[in-house]
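All remarks here apply to the structure that follows.
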Amino acid sequence: MSAEHPSWLTVIRGDAPLLVSLPHTGTEIPAEYEHGLVSPWLARKDADWWIERLYDFASGLGATVVRTSISRTVIDVNRDPSGVSLYPGQATTELCPTSTFDGEPLYRSGAEPSADEIAERRARFFNPYHAVLREEIVRLRGMHPKIVVYDCHSIRSVIPRLFEGTLPHFNIGTNGGTTCAPALSGAIEQISAGSGFSYVVNGRFKGGYITRSLGQPQDGVHAIQMELACRGYMKEPLGPVAESQWPAEYSETYAAPMRAALALILETCLTFARSKA
């Protein structure tokens with residue numbers, strides 16, 4: 001991590017044409033933001049649990065890895081800061097969430113962040129995260145004609161408030177094919193199809209603000225979001241979860257098959273980025 005970055009922002013620089021973003025793995029809630037929260041567990045419930053461990057091979061491929069350790073409850077760096085919904089007509093959470101994915105209040109009544117507090121959090125955490133992503137894109141594009149921005153996510157498999165039924169294991173998002181070349185999404189879809197896991201392209205999760213704001217394939221920046229169903233890499237209890245159940249422990253043995261498929265996917269991203277086509 002460079003000394004120029006705040007302690008909560010980890011940047012591992014590589015020279016390969018691949019930028020890996022980890023926006024929701026953080027669980028840190030600075031003391032000044034704890035006031036009014038219903039419970040520490042609820043505030044961390046919707047983290048993308050263990051994703052930083054699942055993808056810890058990425059830097060070994062030469063990828064640049066950017067991660068925030070700040071909880072998405074403080075501020076969600078994958079939401080449109082203007083407040084525009086990424087999924088109009090569907091349930092979602094805000095820039096500074098006031099409820100869990102299941103609809104449980106995160107704050108005691110009347111203690112939700114004010115407009116000024118949201119603006120302060122945006123300046124302190126959101127803006128630096130995105131500034132680093134853009135700086136790294138410029139750096140990598142200076143070395144490569146095209147690069148891939150790969151945004152890592154996970155979510156519980158069954159959340160009726162957000163989607164019907166059980167989510168596929170691999171949820172590939174390119175905002176309807178606008179954020180990367182069809183050759184890249186097609187190659188990732190092919191790996192997913194041969195992995196033994198279920199998958200969908202641009203289903204319930206089409207890519208968040210990071211993918212949508214950074215993906216500029218015409219300028220050599222191809223962005224893709226991968227939303228994983230948690231049951232693919234840990235022993236997830238399906239349906240509602242209690243504090244005693246969640247998060248489930250991380251097991252390298254259990255996660256190995258999905259991790260192997262993800263390694264192929266990142267290698268495919270590199271192959272695509274290095275191709276002249």
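We did not get these values from a lab; they are worked out from the coordinates using the rules stated. Source: prediction; values computed, not measured. Using ideal geometry, Cβ is built from the backbone for each residue, glycine included, and neighbour counts are taken over all protein chains shown.
In µm²/s, what is D for the range 74-211 at 25 °C and 0.890 mPa s, where D = kT/(6 pi eta Rh) by Stokes-Einstein and Rh is the Kirkwood radius from Cα pairs? For the chosen part, D equals 143 µm²/s.
Amide H to amide H distances under 5 Å link Tyr199 with His169, Phe170, where only residues 5 or more positions off or on other chains count and H is placed in the peptide plane.
Using DSSP to define loop residues, name the trypsin sites (Lys or Arg not before Pro) in the range 93-151 whose beta-carbon has at most 13 other beta-carbon atoms within 10 Å. Those that pass, being in a loop and sparsely packed, are Arg108. Distance from the C-alpha centroid of the range 41-93 to that of the range 147-167: 11 Å, rounded to the whole angstrom. Think of the chain as having a plus end and a minus end, set by charges on the Cβ of Lys, Arg, Asp and Glu; of Ala31, Ala115, Ile137, Ile137 sits farthest toward the positive end of this dipole. The helix-based estimate of mean residue ellipticity at 222 nm for the chain, built from -39,500 (n - 2.57) per DSSP H run of four or more residues and divided by its residue count, is -7500 deg cm²/dmol to the nearest 500. Of the DSSP H helices in the chain, those with a Cα length along their own long axis of 30 Å or more and a mean Kyte-Doolittle hydropathy reaching 0.0 comprise 252-274.
As an exercise, identify the GluC sites (Glu not before Pro) in the range 205-256 lying in DSSP coil whose Cβ has no more than 16 other Cβ atoms within 10 Å.
On the way: sites: Glu227, Glu243, Glu249, Glu252; in loops: Glu243, Glu249.
Here the GluC sites (Glu not before Pro) that fit, given the DSSP loop and packing criteria, are Glu243, Glu249.
The ranking of Cys180, Cys230, Cys269 by Cβ neighbour count inside 10 Å, starting from the fewest, reads Cys230, Cys269, Cys180. Here the range 109-199 is treated with +1 on each Lys and Arg Cβ and -1 on each Asp and Glu Cβ, and its dipole about the Cα centre works out to around 260 debye.
Taking every lysine pair in the chain that is 8 or more places apart or spans two chains, those with Cα atoms closer than 23 Å amount to 4.
Applying a DSSP loop filter and a limit of 10 other Cβ atoms within 10 Å to the trypsin sites (Lys or Arg not before Pro) in the range 169-277 leaves Lys276. Remark: the chain projects, on average over all directions, an area of 14.0 nm² (convex hull of Cα atoms). Secondary structure note: in the chain, about 35% of the DSSP beta bridges are antiparallel.
Using θ = phi - 60° in the Karplus curve 6.51 cos²θ - 1.76 cosθ + 1.60, the 3J(HN,Hα) couplings for the range 25-42 round to 8, x, 10, 7, 10, x, 3, 5, 9, 6, 4, x, 5, 5, 7, x, 5, 4 Hz; x is entered for Gly and Pro.
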